1. Do you know which residues across segment 64-98 are in contact with a helix residue (DSSP H, G or I) (Cβ under 7 Å, 6 or more places away or on another chain), surrounded by fewer than 16 Cβ atoms within 10 Å (Cβ to Cβ) and not in a helix (DSSP H, G or I)?
2. Among the numbered criteria (1) under 14 Å from the mean Cα position of the chain (by Cα); (2) free of Cβ contacts under 8 Å to residues at least 24 places away in the same chain, which single criterion is violated by residue 68?
3. Taking residue 91, is it free of Cβ contacts under 8 Å to residues at least 60 places away in the same chain and closer than 14 Å to residue 19 by Cβ?
4. Can you name the residue in segment 21-40 that is without any contact (Cβ under 8 Å) to a residue 40 or more places away in the chain and part of a helix (DSSP H, G or I) and, of all such residues, is nearest to residue 68 (Cα to Cα)?
5. If you scan segment 99-116, which residues turn out to be more than 13 Å from residue 80 (Cβ to Cβ) and either part of a helix (DSSP H, G or I) or touching a residue at least 60 places away in the same chain (Cβ under 8 Å) (or both)?
6. Out of the residues in segment 25-50 that are touching a strand residue (DSSP E or B) at 6+ places or on another chain (Cβ under 9 Å) and under 18 Å from residue 117 (Cα atoms), state the one that is surrounded by the most Cβ atoms within 10 Å (Cβ to Cβ).
7. Of all residues in segment 117-135 being in a helix (DSSP H, G or I) and more than 17 Å from the chain's Cα centre (by Cα), which is modelled with the highest pLDDT?
């Protein structure tokens, strides 16, 4: 159990930090290009009313914890895969659970903006976790 925590905790930290740096950096760039609202959104997310950026950081941490448990030698390339998996899970798992349709995920154009946010997050996750893991 302690070994699992030793692998999951750095992944959680790396995932949360990657949201606040890499993903929000990409978000800011997309804002400059008039594709997104301003980065670091602070609007409340139900049911707890936490700011949206902290909600993203929490879920980035959860994905990072799973990444830390599964991947033995993290790097930016394996992080890219996790970023793409997050987008696929949003389309094909989360959307239907929230009452939406997975059909949007079948349109290649629908993937562009999410991938522009989650691929940098994934690369950052891999880089940060690789740095944390090298002791």
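1. The one that is in contact with a helix residue (DSSP H, G or I) (Cβ under 7 Å, 6 or more places away or on another chain), surrounded by fewer than 16 Cβ atoms within 10 Å (Cβ to Cβ) and not in a helix (DSSP H, G or I): 75.
2. The single condition residue 68 does not satisfy is (2).
3. no
4. Looking only at segment 21-40, we keep the residues that are without any contact (Cβ under 8 Å) to a residue 40 or more places away in the chain, and these are 24, 28-29, 31-34, 37-40.
If we keep only those that are part of a helix (DSSP H, G or I) too, we end up with 24, 28-29, 31-32.
Values: 24: 21, 28: 27, 29: 28, 31: 31, 32: 33 Å.
Here the answer is 24.
5. Step one: filter segment 99-116 for residues more than 13 Å from residue 80 (Cβ to Cβ), giving 99-114.
Scanning segment 99-116 gives 102, 103, 104, 105, 106, 108, 109, 110, 111, 112, 113, 114.
6. For segment 25-50, the residue satisfying everything is 41.
7. At the first step, the residues of segment 117-135 found to be in a helix (DSSP H, G or I) are 117-133.
Retained after the next criterion (residues that are more than 17 Å from the chain's Cα centre (by Cα)): 131-133.
Numbers: 131: 93, 132: 90, 133: 80.
In this case the residue turns out to be 131.
The values are calculated or read from the model by the stated rules, or taken from the named source; none is laboratory data. Bear in mind that the values here come from a model prediction, so they are computed numbers and not experimental data. Virtual Cβ from ideal backbone geometry, glycine too; neighbours counted across all protein chains shown.
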